[in-house]
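Asker: Take this structure first; my questions come after.
The values are calculated or read from the model by the stated rules, or taken from the named source; none is laboratory data. What you see is a predicted model; the values in this text were computed from it and never measured. Virtual Cβ from ideal backbone geometry, glycine too; neighbours counted across all protein chains shown. Quick note on the areas: whole protein, heavy atoms, side chains included, nothing else; ligands and nucleic acids left out. Shrake-Rupley method; radii C 1.70, N 1.55, O 1.52, S 1.80 Å.
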There are 2 protein chains.
Amino acid sequence: MSFDAPPSPVADGDLASLFPLDRSYTFLNHGSFGSTPLELLAEQDRVRREIEARPIEMIGRRMDTLLASARESVARFVGTSPDRLGFVTNATEGVHAVLRSMRWRAGDEVVCINHVYGAMRQSLRRLADEFGIVLRELTIPLPVQGSHDFVAPVVAAFNGRTRLLLVDHITSPTALIVPVEELGREAQRRGIRVLVDGAHAPGSIPLAIDRIPCDAYTGNLHKWCCTPKGCGIVVASPEFASELRPIATSHRYGEGLTREFDWQGTRDMTPWLVAPAAIRFFDRFGWDRVRQHNHELAAWSHRELVRRWDVVPLSPLDGSLLAAMAAIPVPEKAQAAFASETAMQAHLYDHARIEIPVIAWQGRWHVRVSCHLHTTPGLVDRLDEVVRGLG
Amino acid sequence: MSFDAPPSPVADGDLASLFPLDRSYTFLNHGSFGSTPLELLAEQDRVRREIEARPIEMIGRRMDTLLASARESVARFVGTSPDRLGFVTNATEGVHAVLRSMRWRAGDEVVCINHVYGAMRQSLRRLADEFGIVLRELTIPLPVQGSHDFVAPVVAAFNGRTRLLLVDHITSPTALIVPVEELGREAQRRGIRVLVDGAHAPGSIPLAIDRIPCDAYTGNLHKWCCTPKGCGIVVASPEFASELRPIATSHRYGEGLTREFDWQGTRDMTPWLVAPAAIRFFDRFGWDRVRQHNHELAAWSHRELVRRWDVVPLSPLDGSLLAAMAAIPVPEKAQAAFASETAMQAHLYDHARIEIPVIAWQGRWHVRVSCHLHTTPGLVDRLDEVVRGLG
């Protein structure tokens with residue numbers, strides 16, 4: 001394996017200046033909440049002022065048309081049909097919409113893996129408390145050598161009581177791409193419903209939702225598409241579309257998926273309306289080029305930090321399981337210097353102005369490096385330097 | 001009864017200029033979606049930029065403290081304790097949070113009145129479809145002579161299967177204040193839970209939620225407190241507080257009401273954070289003076305239009321059942337000139353630039369006049385002039 005140079009930026013000039021981030025920090029956590037380019041914040045302001053000038057006209061009369069146009073643009077981007085796509089605040093809401101659109105009986109089983117996003121595990125706990133469903137959470141052995149490592153344990157857990165497979169497309173604590181196509185196929189041919197939580201997927205990997213064997217897919221656009229915060233989607237398969245409804249029913253109960261999702265009560269719909277502008281924003285660089293850059297920088301960071309810190313990676317160094325993030329075990333010496341991963345994260349922020357999540361995973365702590373247009377190899381070098389100085 | 005002069009404005013100067021509304025329209029529909037003063041939109045922008053500069057610091061580390069402070073200010077304003085108040089997007093979400101926090105059995109009955117907000121009726125229909133609950137919707141005879149007219153039909157409908165009374169504090173189609181204190185008392189002493197939907201209450205009437213006998217109370221601040229859109233609250237009684245949770249559970253399931261509501265996934269929380277600034281905005285005029293002005297202008301509009309149009313009012317002309325809105329039957333000649341109430345509303349907007357809802361209620365159409373600081377008697381005079389010219 002050769003340790004090559006980092007990827008070149010997608011364009012000349014100071015790309016970080018397009019974002020509102022405080023540059024006195026080494027910001028390596030795009031993944032948690034995203035970052036919205038200044039230009040898109042301005043566009044959101046513009047749309048909001050337009051709504052506020054004539055609120056009834058804009059919300060009461062024109063919103064259906066405006067949302068239809070936004071849905072069309074977003075659906076094209078994620079590879080599905082606009083008539084099966086609903087806007088939600090975030091993927092957590094999308095997951096809840098799906099869970100609440102199914103009828104549960106005591107003893108129904110839901111399968112997930114131990115890399116599942118914490119909030120989703122809690123949602124399933126709530127279903128267990130309310131309806132008596134059983135949660136089967138499978139452990140995926142580490143290090144993950146390839147996609148196939150995810151499949152066998154999950155498939156072995158399926159049985160006649162399994163109603164749903166809930167699986168992240170890209171895991172949050174470990175930043176790994178899950179083979180949702182294969183898992184979905186295995187589940188669906190057993191009559192098990194499949195819900196994919198693509199919180200980190202749109203904008204970070206090429207996405208064609210309709211090619212994934214699943215009943216429902218949810219995702220965020222405020223993370224990797226950089227829309228204003230509060231822009232998520234939930235997509236139903238043609239079969240599930242008649243069942244899926246938003247968590248808060250308003251006037252349009254029973255009028256069909258898009259009618260119901262397009263009116264969930266008075267709210268700020270500008271994050272949804274600005275989504276097409278966010279997609280266009282990155283079109284100027286080319287989405288393939290953007291995703292490639294972000295992926296290559298994540299893979300480079302992974303390889304470099306694993307080598308420099310002499311640690312065992314969670315996944316192959318070729319980056320085949322990575323999107324635009326990588327979770328790297330911190331050196332043992334650094335881990336030993338703090339009482340908790342939270343203390344280490346606070347130290348990095350307070351004393352070195354580095355913003356990066358430190359995540360405990362099976363006894364080891366990991367930093368999760370996120371890469372987007374505003375990320376440069378120099379920031380990763382700085383992280384390396386500071387972490388090597390710890391302990 | 002004397003037909004007196006309209007109330008004076010709460011302050012000198014052009015108060016409408018404080019709002020972003022397009023003044024080429026006669027805007028008489030504050031009630032549907034509210035209107036946010038320019039100063040508060042600017043404050044929202046400021047807070048959003050602060051969050052975007054250091055998203056993890058602001059959302060991940062400081063948000064609990066920021067929300068605690070916002071909750072405290074809002075709780076004081078609506079007369080309850082901040083530790084039983086959760087922020088939601090809107091009252092529709094608040095109602096759903098309560099409905100989803102109860103366990104339903106087939107045959108459970110929910111009582112409401114025929115003035116119930118349409119979206120709430122739909123939420124109850126969804127519960128009926130999912131759990132087999134029975135909705136009992138009582139008709140209140142018109143015209144309403146006084147508060148007592150609401151009480152007898154509702155109380156007569158209570159029986160051993162009644163689980164919940166769901167009632168608006170101020171009705172949407174008819175703009176009447178409902179005697180929630182008396183209804184709540186009657187329900188609770190029969191062991192029936194009470195959910196008050198105060199969508200129109202905060203900012204339009206003096207509010208002391210803890211003095212209302214109810215298990216849960218929900219409301220919007222984007223209507224009459226003029227916060228940015230997407231600011232609702234739900235409040236639980238001390239007894240119900242341990243059961244109430246948001247519709248979308250995130251990481252904090254089971255950690256208690258405020259912990260759960262304060263984190264419902266990534267979203268734009270600026271409408272909640274700006275709520276204290278909205279309360280302060282009207283403090284400069286005095287909230288009592290603001291509410292009194294809005295009420296008196298609504299009562300004046302009611303009296304004047306009923307007299308000028310020679311119609312039978314829905315409620316007493318002393319305004320005792322009105323807050324800051326009044327629904328007035330349109331002259332029969334005007335009604336006869338259009339195929340539907342929608343057509344009449346569109347005509348007023350398209351041909352006279354008047355923005356006002358026209359609502360069909362028991363065979364008669366009504367205009368609902370909303371009054372806030374930007375409303376002047378001259379706008380109501382203009383509505384009168386145009387409506388009298390119809391047909």
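Asker: Can you name the residue in chain A whose Cβ lies closest to the A-to-B rotation axis, and give that gap in whole Å?
Answerer: A:Ile247, 2
Asker: To the nearest 20 debye, what is the magnitude of the charge dipole of chain B about its Cα centre, counting +1 on the Cβ of each Lys and Arg and -1 on the Cβ of each Asp and Glu?
Answerer: Numbers: 43 positive and 46 negative charges, 143 e Å.
In total the dipole reaches around 680 debye.
Asker: What accessible area, in Å² to the nearest ten, does a 1.4 Å probe give for A:Glu130?
Answerer: 40
Asker: What is the mean number of Cβ atoms from other protein chains located within 10 Å of the Cβ atom of each residue in peptide B:47-54, rounded to a whole number? Walk me through the numbers on the way to the answer.
Answerer: Working: counts 0, 7, 3, 2, 4, 13, 9, 8.
Counting other chains' Cβ atoms within 10 Å and averaging over B:47-54 gives 6.
Asker: Test of understanding: extend the Cα→C-beta vector of A:Glu182 to 7 Å, then name every residue of region A:313-328 with backbone N under 15 Å from that spot.
Answerer: A:316, A:320-322
Asker: Counting only DSSP beta bridges with both residues in region B:41-281, tell me the antiparallel percent, nearest 5. The partial results should precede the final answer.
Answerer: On the way: 10 of 28 bridges.
Close to 35 percent.
Asker: How large is log10 of I(q)/I(0) for the protein assembly as shown at q = 0.09, 0.11 Å⁻¹ when the intensity is taken from the Debye formula with one equal scatterer per alpha-carbon?
Answerer: Ignoring solvent entirely, the Cα scatterers give -0.85, -1.21.
Asker: In cubic angstrom, how much convex hull volume per residue do the alpha carbon atoms of region A:329-391 span?
Answerer: Details: hull volume 4.8 nm³, N = 63.
Hull volume over Cα atoms, normalised by residue count, gives 76 Å³.
Asker: For peptide B:264-274, compute the average count of partner chain beta-carbon atoms within 10 Å of each residue's beta-carbon. Walk me through the numbers before you get to the answer.
Answerer: Numbers: counts 6, 15, 15, 12, 11, 2, 3, 3, 0, 0, 0.
The per-residue average across the peptide is 6.
Asker: Under unit Cβ charges (Lys, Arg +1; Asp, Glu -1), what dipole magnitude, rounded to 20 debye, does region B:24-94 have relative to its Cα centre? Write down the numbers at each step before the final one.
Answerer: On the way: 9 positive and 10 negative charges, 21 e Å.
Computed about the Cα centre, the dipole is about 100 debye.
Asker: Something else about it: With loop defined by DSSP as not H, G, I, E or B, and exposure as at most 16 other Cβ atoms within 10 Å, which is the longest segment of chain A clear of exposed chymotrypsin sites (Phe, Trp or Tyr not before Pro)?
Answerer: Working: sites that count: A:Phe3, A:Phe285.
By the stated rule (loop sites, at most 16 other Cβ atoms within 10 Å), A:4-284.
Asker: Peptides B:200-206, B:57-63: what's the order by average Cβ count within 10 Å, highest mean first? Kindly include the intermediate steps, with their values, before the conclusion.
Answerer: Values: B:200-206: 24.3, B:57-63: 16.3.
Packing proxy ranking, top to bottom: B:200-206, B:57-63.
Asker: Please find, in a Gaussian network model of chain A (springs between Cα atoms separated by less than 10 Å), the residue of A:Thr376, A:Thr139, A:Thr26 whose mean-square fluctuation is greatest.
Answerer: Comparing A:Thr376, A:Thr139, A:Thr26 in a Gaussian network model of chain A, the most mobile one is A:Thr139.
Asker: Right, here's the next one. Looking at the protein assembly as shown only, what percent of DSSP beta bridges run antiparallel? Nearest 5 please. Write down the numbers at each step before the final one.
Answerer: Values: 38 of 78 bridges.
Beta bridges within the protein assembly as shown, antiparallel portion: roughly 50 percent.
Asker: Towards the positive end of the charge dipole of region B:146-187, with charges on Cβ (+1 Lys, Arg; -1 Asp, Glu), say which of B:Ser147, B:Leu166, B:Leu183 has the farthest Cα.
Answerer: Result: B:Leu166, furthest along the dipole toward the positive end.
Asker: Hey, another quick one. Starting from 0.36 nm per residue, how many nanometres of slack lie between B:Arg76 and B:Ala346 once their C-alpha separation is accounted for?
Answerer: On the way: separation 270, 0.36 × 270 = 97.20 nm, distance 4.05 nm.
Residue separation times 0.36 nm, minus the Cα-Cα distance, leaves 93.2 nm.
Asker: What distance in nm lies between label points placed 7 Å from Cα along the C-beta direction at B:Arg49 and B:Ala360?
Answerer: Label at B:Arg49, label at B:Ala360, 4.9 nm between them.
Asker: Next question. After finding the eigenvalues of the alpha carbon gyration tensor for region B:29-86, what semi-axes result from the square roots of 5 times each, listed largest first in whole Å?
Answerer: On the way: eigenvalues 103, 84, 14 Å².
Three semi-axes, in Å: 23, 20, 8.
Asker: Could you give, in nm with one decimal, how far B:Arg103 is from each other copy of that position, shortest first, with labels 7 Å out from Cα toward Cβ?
Answerer: Label point to label point, same position, other copies: 2.0 nm.
Asker: How many Cβ atoms of partner chains, on average, are near each residue of B:233-246 if near means within 10 Å of its Cβ? Kindly include the intermediate steps, with their values, before the conclusion.
Answerer: Working: counts 0, 0, 0, 0, 0, 0, 0, 0, 0, 0, 0, 0, 1, 4.
Per-residue shielding by partner chains comes out at 0.
Asker: As an exercise, use a Förster radius of 45 Å and the Cβ-Cβ distance of B:Asp288 and A:Arg161 to find the FRET efficiency, rounded to the nearest 0.05. Mind dumping the intermediate values first?
Answerer: On the way: r = 61 Å, r/R0 = 1.35.
Efficiency computed from Cβ-Cβ geometry: 0.15.
Asker: Please report Rg over Rh for chain A, where both radii come from the alpha carbon positions and Rh follows the Kirkwood definition. Let's see the in-between values first.
Answerer: Values: Rg = 21.2 Å, Rh = 21.8 Å.
Ratio of gyration radius to Kirkwood radius for chain A: 0.97.
Asker: When the expected Rg is taken as 2.2 N^0.38 Å, what fraction or multiple of it is the alpha-carbon Rg of region B:280-391?
Answerer: Details: Rg = 14.4 Å, N = 112, 2.2 N^0.38 = 13.2 Å.
Taking the Cα Rg and dividing by 2.2 N^0.38 Å, one obtains 1.09.
Asker: From the residues A:Gly34, A:Ser17, A:Ala5, which one has its Cα farthest along the dipole of region A:1-93 in the positive direction, the dipole being from +1 and -1 charges on Cβ of Lys/Arg and Asp/Glu about the Cα centre?
Answerer: A:Gly34
Asker: Shifting gears a bit: Can you give me the Cα centroid spacing of region A:13-38 and region B:309-345 in angstrom?
Answerer: Answer, in whole Å: 54.
Asker: Among the lysines, which fall within straight-line cross-link reach of A:Lys229, defined as a Cα-Cα distance under 26 Å, with same-chain neighbours fewer than 8 residues apart omitted?
Answerer: Leaving aside lysines fewer than 8 places away in the same chain, those within reach of A:Lys229 are B:Lys223, B:Lys229.
Asker: Got the B:Arg62 label distances to the other copies yet, label 7 Å along Cα→Cβ, in nm, shortest first?
Answerer: From this label point to the equivalent ones elsewhere in the assembly: 3.5 nm.
Asker: Can you list the distances in nanometres, one decimal and ascending, from the B:Val311 label point to the identical position in each other copy, with the point 7 Å along Cα to Cβ?
Answerer: In ascending order, 7.1 nm.
Asker: Run the dipole for region B:308-388 about the Cα centre, Lys and Arg Cβ at +1, Asp and Glu Cβ at -1, nothing else charged, and hand back the magnitude in debye, nearest 20.
Answerer: Roughly 40 debye for region B:308-388.
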